[in-house]
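Worksheet: one structure, shown below.
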Ligand code: KIV
Ligand code: ZN
């Protein structure tokens, strides 16, 4: 076995999150058009970008990272299209990414010329691996790159006084960086940008490659929040990736640990295993009674548009929005669902076994909640007959009908549709 470096957990006796729950939704930033797009086999076409943009706006995202215009001509052109064609609603701010390099920052401001509002997101990488192996710099050199980048961002912004500028800095590879060094470099950026409570800056802390359990990431965030200067003038943002499958958990724990803002993508498209899935985190909040401030009531449309734009299909068991996540095939689950649904009142809190939320909240109907195959029981058959045909069978008929249906499903090795079930009932109980 190859040896891997063990991760040293951070000991923090004064943990900030005594309640162990998130009290309100964080600020969101959707990065589908940048991080999501840069990971695609075939980057989005203009039409696909326009579709994705329209969807993100419709869902209510107020901050949307639209690309890396200094590094990509299509991103540049898309940025110009948004600005020149007045596509940006007055409550939405576009964000663009740029490396902390002078010529790239100049080009970025060219791309943003004429925008009413924008967030310029500048980054450089800070972990020991990146410092020594990629950039061949010591800590002072890496701080210098960040400071000069921040300075250039400020200078360029002054040349465009009619735009409301906001600034964001990411110490890329934050989660692999010593927290005290991340604080030091971010403090250097704070010193350049001099934020105030009325004009806050964003410090975005990425788990560029997720390499620890989510509690360790949350410890890093908590420690960072405790030591960054001018905490009241800084928005702490997190940007998690899903290498260990925990990007959502890491973002949630990070919010409990003090983060104000979360970056991610719809359905989690992004580099390697993807970015933090905005839909899952928003729905996790919703299912605990917290308004996510994102409109997810047309889930099927979201799934459709995202796969049209990314050319990546959504797994049928994707949390909350997969095609099969509100469907029961097995007899005992069907029976429990049917019994709970029969007593569920319109305005009382949702309390149905095996259904964590009311599928109607996502625009789904109850039709697909119960589907019948060879594993199903009498409850499932009874449910379909009640829902689709208004037919309430006595118990003895339910038992007989479900036995026939089950054996037919076994013989045919297939799911029984509502019409198949009706046919069996008709033949069994209403012979010509
Ligand atoms: O994952 C990452 O570190 C990034 C940064 C550029 C924010 O995408
Ligand atoms: Zn990323």
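Read-outs: derived from the displayed coordinates by stated rules, not from any lab. Everything quoted here is computed from the prediction, not taken from an experiment. Please note: Cβ atoms are built from the backbone with ideal geometry, for glycine as well, and neighbour counts cover all protein chains shown.
Among the residues of segment 165-183, what is the count of those that are touching a helix residue (DSSP H, G or I) at 6+ places or on another chain (Cβ under 7 Å) and more than 11 Å from ligand 1 (Cβ to nearest atom)? Can you show your working first?
Quick first cut of segment 165-183, residues touching a helix residue (DSSP H, G or I) at 6+ places or on another chain (Cβ under 7 Å) only: 165, 167, 169, 171, 173-176, 179, 181-183.
Applying the additional criterion that residues be more than 11 Å from ligand 1 (Cβ to nearest atom) yields 165, 167, 179, 181-183.
Number satisfying all stated conditions: 6.
In the set 147, 131, which member is buried (at least 19 other Cβ atoms within 10 Å of the Cβ), over 27 Å from the mean Cα position of the chain (by Cα) and within 17 Å of residue 186 (Cα to Cα)? If you could, list the steps in order and put the result at the bottom.
On the way: 147 fails: buried (at least 19 other Cβ atoms within 10 Å of the Cβ).
On inspection, the qualifying residue turns out to be 131.
Quick one: which helices (runs of 4 or more DSSP H) lie wholly within segment 366-432 and hold at least 1 residues that are within 16 Å of residue 332 (Cα to Cα)?
Details: elements: 378-389, 395-412, 418-429.
Ranges flagged: 378-389, 395-412.
Assuming residue 219 fulfils every condition listed in (1) in contact with a strand residue (DSSP E or B) (Cβ under 9 Å, 6 or more places away or on another chain); (2) crowded, with 21+ Cβ neighbours inside 10 Å apart from one, which condition is it?
Answer for residue 219: the failing condition is (1).
Limited to segment 101-128, what total is found for residues that are surrounded by 21 or more Cβ atoms within 10 Å (Cβ to Cβ), within 14 Å of ligand 1 (Cβ to nearest atom) and over 23 Å from residue 264 (Cβ atoms)?
Total satisfying the criteria: 0.
Looking at (1) more than 20 Å from residue 188 (Cβ to Cβ); (2) surrounded by 14 or more Cβ atoms within 10 Å (Cβ to Cβ), which one does residue 86 not meet, given that it meets all the others?
Just one mismatch for residue 86, condition (2).
Name the pairs whose Cβ atoms lie under 6 Å apart, with the first residue in segment 29-43 and free of Cβ contacts under 8 Å to residues at least 40 places away in the same chain, the second within 13 Å of ligand 1 (Cβ to nearest atom) and part of a helix (DSSP H, G or I), and 6 or more positions between them or separate chains?
43/37
Would you call residue 249 without any contact (Cβ under 8 Å) to a residue 40 or more places away in the chain, away from ligand 1 (no atom under 15 Å from the Cβ) and surrounded by 17 or more Cβ atoms within 10 Å (Cβ to Cβ)?
Criteria met by residue 249.
Can you pull out every residue in segment 274-291 that is free of Cβ contacts under 8 Å to residues at least 60 places away in the same chain and surrounded by fewer than 18 Cβ atoms within 10 Å (Cβ to Cβ)? Walk me through how you get there before you give the answer.
Within segment 274-291, the subset free of Cβ contacts under 8 Å to residues at least 60 places away in the same chain is 276-277, 279-281, 284, 289.
289 - this is the single residue of segment 274-291 that is free of Cβ contacts under 8 Å to residues at least 60 places away in the same chain and surrounded by fewer than 18 Cβ atoms within 10 Å (Cβ to Cβ).
Pick out the one residue from 53, 17 that is away from ligand 2 (no atom under 16 Å from the Cβ) and closer than 28 Å to residue 218 by Cα. Give the steps one after another, and end with the answer.
On the way: 53 fails: closer than 28 Å to residue 218 by Cα.
Only one candidate passes the filter, namely 17.
Any residue at all in segment 97-118 that's closer than 25 Å to residue 291 by Cβ and either in contact with a strand residue (DSSP E or B) (Cβ under 9 Å, 6 or more places away or on another chain) or within 16 Å of ligand 2 (Cβ to nearest atom) (or both)? Full working, then the answer.
We begin by selecting, within segment 97-118, every residue closer than 25 Å to residue 291 by Cβ; these are 117.
Retained after the next criterion (residues that are either in contact with a strand residue (DSSP E or B) (Cβ under 9 Å, 6 or more places away or on another chain) or within 16 Å of ligand 2 (Cβ to nearest atom) (or both)): 117.
There is at least one residue in segment 97-118 that is closer than 25 Å to residue 291 by Cβ and either in contact with a strand residue (DSSP E or B) (Cβ under 9 Å, 6 or more places away or on another chain) or within 16 Å of ligand 2 (Cβ to nearest atom) (or both).
For segment 28-74, name all the residues that are within 14 Å of ligand 1 (Cβ to nearest atom), surrounded by fewer than 23 Cβ atoms within 10 Å (Cβ to Cβ) and assigned to a helix (DSSP H, G or I).
38
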